[in-house]
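*Asks:* Pasting a structure below so you can have a look.
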Amino acid sequence: MGSNQLRERIVRMFLQHEGEVISGEQLRLKLGVSRTAVWKHIKQLRAQGYAIEAVPSRGYRLDTRPDVLLPIVIKAGLNTAIIAKSIECHVELDSTNLRAHTLAEQGAPEGSVVVAECQTSGRGRMGRSWSSPPGVNVYTSVVLRPILALSEATQLTFLAAVAVARAIEKVCDVRVSVKWPNDILLNGKKIAGLLNELTAETEGIHYVVLGIGVNLNMEESQFPPDLRYPATSVLLETGQRVDRVAFIRTLFTELDALYVLLLERGFAPIRLAWEALFDLVGSAVSVDDGGVGVSVSGVVIGIAADGALLLDTGSAHPRTIYSGDVRPATLA
Ligand code: BTN
């Protein structure tokens, strides 16, 4: 076994026995190495940010771990049915969505996830880029293979928005809202975005990549200057740093629960959960298609059974909108 694998096993043992002291002898026997080798690896783990306390005549205890996104760390304490059964973590990627597409094409099972500490070409909706500095946020993509008609694929966007909103609320103790169809707002500013991409075959969806970016510990100076919509991070709004490992575990748990719910009970409960987070009903907005430059203004009535946005534009019938970028009239 190589040194990296040995250290991974030590970390796994500590994470499986959180807060407990593990004796040098237990570690030695489990790993099949000398006590001196155990000590050497403990020292190296300390240098990587693991606060491992030597408890006299008893052994070692892990007090705190670094906030790095590694499969073994994320998996410890994660109990999901479908999502994140397989986790791939990268220090740097062009885009987690691109990597997830490659994995999906190679036959990766449903629920496989890709995580990156930073992205060099993070992708946003409508051909925009997604600012992805290292070590501060969450950038992840999930491969799904739902048995849904092509027209039902947008259900997954609503599902992901609810999962992200719930994870932020639970871990960061703040209230968030959603902006149709797939932005998450904190204090009216964008805190997370979703880029869901699908590959279809004649008989329906082949696979979907759910791309999720959440601004957790990003500083003011790390935002690009030319944002179309005001953006923020949990740190900027609350002054509190978020434990990214705890966050991503909660995110995968929420995604898992909602995906199982969708498979068992259909879209209706997901839609209700999303509507409870949608506070633009009755507000004047403009929706632009992000491409051709056509913009529609009106008052939000709500969403239709299939998730389309319903706008009162002053004509006899509500206008049904299937895609676009919503801005409150005050920002338009
Ligand atoms: C948006 O424009 O609001 C969508 C942003 C989506 C960003 C995420 S970060 C992880 C995944 N990989 C990407 O390249 N994009 C998505």
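The values are calculated or read from the model by the stated rules, or taken from the named source; none is laboratory data. For clarity, every value in this text was computed on a predicted model and none was experimentally measured. Here the Cβ positions follow ideal geometry from the backbone for every residue, glycine too, while neighbour counts run over all protein chains shown.
*Asks:* I'd like the full set of residues that are part of a loop (DSSP other than H, G, I, E, B), buried (at least 19 other Cβ atoms within 10 Å of the Cβ) and among the hydroxyl-bearing types (Ser, Thr, Tyr), limited to the stretch 81-133.
*Replies:* Hits for the stretch 81-133 are SER95, SER112, SER132.
*Asks:* Still on this structure, please answer the following. Among what's in the stretch 306-332 and is over 18 Å from ASN182 (Cβ atoms) and either of a type in the set (Val, Ile, Thr) or under 31 Å from the mean Cα position of the chain (by Cα) (or both), pick the residue that is modelled with the highest pLDDT.
*Replies:* Going through the qualifying residues, I end up with THR313.
*Asks:* Condition first: within 13 Å of the ligand (Cβ to nearest atom), of a type in the set (A, V, I, L, M) and farther than 12 Å from GLY211 by Cα. Now tell me which residues in the stretch 104-149 satisfy that.
*Replies:* MET126, VAL136
*Asks:* Now, a different point. Mind counting the residues in the stretch 31-48 that are out of contact with any Leu (no Cβ under 9 Å at 6 or more places or on another chain), charged (D, E, K, R) and at pLDDT below 90?
*Replies:* Within the stretch 31-48, residues that are out of contact with any Leu (no Cβ under 9 Å at 6 or more places or on another chain), charged (D, E, K, R) and at pLDDT below 90 number 0.
*Asks:* In the set ASP288, ASP306, ASP279, which member is under 30 Å from ALA84 (Cα atoms) and among the charged types (D, E, K, R)?
*Replies:* After applying the criteria, what remains is ASP306.
*Asks:* Would you confirm whether any residue within the stretch 48-63 is surrounded by 16 or more Cβ atoms within 10 Å (Cβ to Cβ), under 30 Å from LEU251 (Cβ atoms), free of Cβ contacts under 8 Å to residues at least 40 places away in the same chain and of a type in the set (D, E, K, R)?
*Replies:* Looking for residues that are surrounded by 16 or more Cβ atoms within 10 Å (Cβ to Cβ), under 30 Å from LEU251 (Cβ atoms), free of Cβ contacts under 8 Å to residues at least 40 places away in the same chain and of a type in the set (D, E, K, R), one finds none in the stretch 48-63, hence no.
Every residue, every condition in (1) closer than 30 Å to VAL73 by Cα; (2) of a type in the set (Asp, Glu); (3) in contact with a strand residue (DSSP E or B) (Cβ under 7 Å, 6 or more places away or on another chain), yes or no:
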site	(1), (2), (3)
SER233	yes, no, yes
GLN240	yes, no, no
PHE247	yes, no, yes
LEU261	yes, no, no
ARG265	no, no, no
ALA308	no, no, yes
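*Asks:* Specify which of the listed residues (ARG249, ARG166, ARG175) is without any contact (Cβ under 8 Å) to a residue 60 or more places away in the chain, touching a helix residue (DSSP H, G or I) at 6+ places or on another chain (Cβ under 7 Å) and either over 22 Å from SER151 (Cα atoms) or away from the ligand (no atom under 14 Å from the Cβ) (or both).
*Replies:* Only one candidate passes the filter, namely ARG175.
*Asks:* Regarding the stretch 134-141, can at least one residue be identified that is under 12 Å from the mean Cα position of the chain (by Cα), aliphatic (A, V, I, L, M) and part of a helix (DSSP H, G or I)?
*Replies:* Taking every residue of the stretch 134-141 in turn, none turns out to be under 12 Å from the mean Cα position of the chain (by Cα), aliphatic (A, V, I, L, M) and part of a helix (DSSP H, G or I).
*Asks:* Considering only the stretch 54-68, state which residues are closer than 18 Å to SER141 by Cα and at pLDDT 95 or above.
*Replies:* None - no residue of the stretch 54-68 is closer than 18 Å to SER141 by Cα and at pLDDT 95 or above, so the list stays empty.
*Asks:* I want to confirm something. Restricting to the stretch 178-195 and keeping residues that are within 22 Å of VAL114 (Cβ to Cβ) and touching a Lys or Arg at 6+ places or on another chain (Cβ under 9 Å), which single residue is farthest from the ligand (Cβ to nearest atom)?
*Replies:* In this case the residue turns out to be ILE184.
So that you can scan it fast, the table gives a plain yes or no per residue for (1) farther than 27 Å from VAL299 by Cβ; (2) under 19 Å from the mean Cα position of the chain (by Cα); (3) of a type in the set (Phe, Trp, Tyr):
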{"site": "GLU254", "(1), (2), (3)": "yes, yes, no"}
{"site": "ALA273", "(1), (2), (3)": "no, yes, no"}
{"site": "PHE278", "(1), (2), (3)": "no, no, yes"}
{"site": "SER283", "(1), (2), (3)": "no, no, no"}
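*Asks:* Please note which helices (runs of 4 or more DSSP H) are completely contained in the stretch 196-292 and include at least 1 residues that are surrounded by fewer than 17 Cβ atoms within 10 Å (Cβ to Cβ) and of a type in the set (Lys, Arg).
*Replies:* 244-265
*Asks:* Here's something else I'd like to know. I need the full set of residues from the stretch 70-80 which are part of a helix (DSSP H, G or I) and either more than 16 Å from the ligand (Cβ to nearest atom) or among the charged types (D, E, K, R) (or both), in order please.
*Replies:* PRO71, ILE72, VAL73, LYS75
*Asks:* Next question, about the same structure. When the stretch 302-322 is examined, which residues are found to be free of Cβ contacts under 8 Å to residues at least 12 places away in the same chain and farther than 16 Å from PHE278 by Cα?
*Replies:* Across the stretch 302-322, the qualifying residues are SER315, ALA316, HIS317.
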